[in-house]
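The values are calculated or read from the model by the stated rules, or taken from the named source; none is laboratory data. Here the structure is a predicted model, which is why all the values come from computation and not from measurement. Cβ placement follows ideal geometry from the backbone for every residue including glycine, while neighbour counts extend to all protein chains displayed.
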Amino acid sequence: MNCVDRFLRALNGQPVDRAPVVGVTSVVTVDLMRQVGTRWPDAHHDPEQMVRAGASAHVVCGLESVKVPFDMAVESGALGADIDFGSEATLPKIRTPPFAEPGQLVFGSDVLSRGRFPVVLAAIRTARRKHGDSVPVVSSMLGPFTLAGCLFGVETLLVWMLEEPAKVQAAMTAATRLAGMYMRAQFEAGAHVVQVSEPTASGDLISPAQYVEHVAPHHRELTAGGDRPVITHICGNITRHLPHLATTGFRGVSFDAKTDIQAARTHLKGKAALIGYVPTSLLRDGSPDEVRASARQCLGEGVDALNAGCAVAPDTPLDNVRAMIDAAKTR
């Protein structure tokens, strides 16, 4: 069973020889990029360098996936936001949300030819050609709620939820349309799995009722058709969201250590693969033995695919990355 089969079978709820160890969130460090001859921010703009960075944990440490892109500013930048592209050790970020009202979010069928969309799609095609026979290519995009927060400002979006819900609906309708276009293009480019990043939908920011009203219907729209593996990653404590996430059609849910694993098993097992949840703080600051013990605990508690709890910090020691991977392969 190769790595592609193992991960796709895990997402389909089928038997596997062991849990895969993957990076559906980014596993890219400064040391890894130096070893494969690339660097941020250059890798955000060049498909070949993006693939080298996204495959670095696989090439150097044996991680069982390749992941592109790395940041949350691709969509907003293509729509006109001013982007700070960061440094060798920091990711791009949006300086100022580009829009003030939902009616300003207007785009045509050519939107994916703008900004860094073509770079990401070219990187997916390159990753599939170079690595896709042996390891799964995982791509990512912003979920509609997080995208709306980037485009209008998270605080603005949260205020609209309380005071002007019609604006939230308008923003989410447009954001979901763009997200759907981008997701389809990523699959067409060769992604085995597309990860929908929704950190703004965390239980640390919105209530379960708000998730049900404003977010879940749009997640169901993205997963409708169900023949391709679409997963989601949501940071923070999503324990109270879990019963509702189980109805969205995601093939997998990636979560961090704040979420109750017993509740995740109760609500998601048989409906979505559990992906997680080695704490990124432990990966950065702990010892290899501590990381290995945490990874084995995650596996023992029933995760279907071992993953860091969120994006790995760029200064994470490689010995700790290797310890997480070894825990899955030698258990």
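What is the one condition in (1) out of contact with any Lys or Arg (no Cβ under 8 Å at 6 or more places or on another chain); (2) part of a loop (DSSP other than H, G, I, E, B) that residue 112 does not satisfy? So the condition that residue 112 fails would be (2). Residues in segment 1-19 that are closer than 17 Å to residue 331 by Cβ and either at pLDDT 95 or above or not in a loop (DSSP other than H, G, I, E, B) (or both): 3, 6, 7, 10, 15, 16, 17, 18, 19. The set of residues in segment 154-178 being out of contact with any helix residue (DSSP H, G or I) (no Cβ under 7 Å at 6 or more places or on another chain) and surrounded by 18 or more Cβ atoms within 10 Å (Cβ to Cβ) consists of 156 alone. Being assigned to a loop (DSSP other than H, G, I, E, B) and more than 22 Å from residue 125 (Cβ to Cβ) is the filter here, so list the residues in segment 20-38 that pass it. Hits for segment 20-38 are 20, 29. Anything in segment 58-84 that is over 19 Å from the mean Cα position of the chain (by Cα) and either in a loop (DSSP other than H, G, I, E, B) or of a type in the set (Lys, Arg) (or both)? List them, or say none. Matches in segment 58-84: 62, 79, 80, 81. Counted as qualifying within segment 137-208 are the helices (runs of 4 or more DSSP H) with 3 or more residues that are small (Gly, Ala, Ser), namely 165-189. The set of residues from segment 223-234 being more than 10 Å from the chain's Cα centre (by Cα) and surrounded by 22 or more Cβ atoms within 10 Å (Cβ to Cβ) comprises 229, 230. Residue check: is residue 18 over 29 Å from residue 181 (Cβ atoms) and either in contact (Cβ under 8 Å) with a residue 12 or more places away in the chain or not charged (D, E, K, R) (or both)? For residue 18, the condition - over 29 Å from residue 181 (Cβ atoms) and either in contact (Cβ under 8 Å) with a residue 12 or more places away in the chain or not charged (D, E, K, R) (or both) - is met.
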